[in-house]
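Here the structure comes first, spelled out in structure tokens, and everything after it is commentary.
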Amino acid sequence: MDLTTYLRALPKAELHLHIEGTLEPELMFALAERNQVALPWHSVEETRAAYAFADLQSFLDLYYAGAAALIHAQDFFDLAMAYFARAHADGVVHAELFFDPQTHTARGVAFASVLDGLERACSEARERYGISSRLILCFLRHLSEEDGFATLEQALPHLARIHGVGLDSSEQGHPPSKFARLFARCRELGLHCVAHAGEEGPPAYIVEALDVLKVERIDHGVRAAEDPALLARLAREQVPLTVCPLSNVKLRVFPTLQQHNLKALLDAGLKVTINSDDPAYFGGYVLENYRQTAEALQLSRAELQRLARNSLEAAFVGDAERALWLARLEALAD
Ligand code: ADE
Ligand code: ZN
């Protein structure tokens, strides 16, 4: 079996995916026209040409600008259905979608419009593709904890449809401890907790995410490699890391994919997974992340299977569903 066929056949979960980051320029322009919204670019080509990033912030500036095209529940539905079609084609059996409500409510979009559109897409994806999914509300860390609490308040009537919370946006200068009280409240509400940490920020932010926010997974986490004690802890506690290789290269966390530390983290015994982050901006969906990483780092089939197994083990799903996927994974021959 060739590499791409093998990778597609591997049952896998995508655990680090910002749904706003799946907005391809074609859909962005179609929605902007439908909604009579002005974009900072004149064409699809000009938009794609602008996707050259110096760091996380330079990406976020464009990402928030593009999200302005999203207004109605139908827009969020169309966005998520386009993602699910691609995820299904990539062999994704389960996807956990991050969404950034503050990006939308700040523009006057109702929280319920965002959630209604996304949730309808999740149900449709289950029926059409058999994909299971979860919604994870992310708080923007460049905003205040108070703003986060106001967002949580808006989410309360919808909690049955939200499985967890995360923390994203500009990392440097916005440590996890800024959101200690907010995450404590989310834990009391029974929500799963994850946080971006150690993407651009220091290893100490990973420690804070674990000890202060008490998260169950770390999004990115690649800078853990700079702290041997932390590395040993992540391996011992088997904390899942949702690593996004193409994102890390596009945002210059690593100069090239060949220099990415994913294999080193795997070799150190960490529970690493592969994900696409914002695939419309970073040049590839999850299969492409697996494929390019496998080639750049010379990953074996056993290592690729381990990465997929880690994703299934780290998913926020019931054990019965997980067991079915794991059985399919183990039955897959090389
Ligand atoms: N929002 C969308 N993608 C992100 C990333 N990679 N890091 C932080 N915030 C984000
Ligand atoms: Zn991310």
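Things to note:
- Listed residues Ala49, Ala204, Ala294, most fluctuating in the chain (Gaussian network, C-alpha, under 10 Å): Ala49
- For segment 165-174, Karplus couplings with θ = phi - 60° (6.51, -1.76, 1.60), whole Hz, Gly/Pro x: 10, x, 9, 9, 6, 4, 7, 4, x, 10
- Between the C-alpha center of segment 222-242 and that of segment 116-132 there is a gap of 34 Å.
- Per-peptide average of other Cβ atoms within 10 Å, ordering 62-73, 257-268 highest first: 62-73, 257-268
- Global form of the chain, assessed from the alpha-carbon gyration tensor, a/c cut-off 1.5: rounded
- Over the chain, dividing the summed -39,500 (n - 2.57) contributions of all DSSP H runs of at least 4 residues by the number of residues returns a 222 nm mean residue ellipticity of -15000 deg cm²/dmol.
- Whole-Å distance, taken between Cα centres, linking segment 146-192 and segment 64-106: 19 Å
- Within the chain: Cβ-based charge dipole about Cα centre, in debye rounded to nearest 20 (Lys, Arg +1; Asp, Glu -1): 680 debye
- Summary value for segment 3-328: 20 percent relative contact order, contacts being C-alpha pairs under 8 angstrom separated by 6+ residues.
- Net length available on complete extension from Leu156 to Lys263 is 34.5 nm, with 0.36 nm assigned per residue and the Cα-Cα distance removed.
- Relative contact order (%) - criterion: Cα under 8 Å, at least six apart; region: segment 1-75: 39 percent
We did not get these values from a lab; they are worked out from the coordinates using the rules stated. Fair warning: this is a prediction, and the values are worked out from it, not measured in the lab. Using ideal geometry, Cβ is built from the backbone for each residue, glycine included, and neighbour counts are taken over all protein chains shown.
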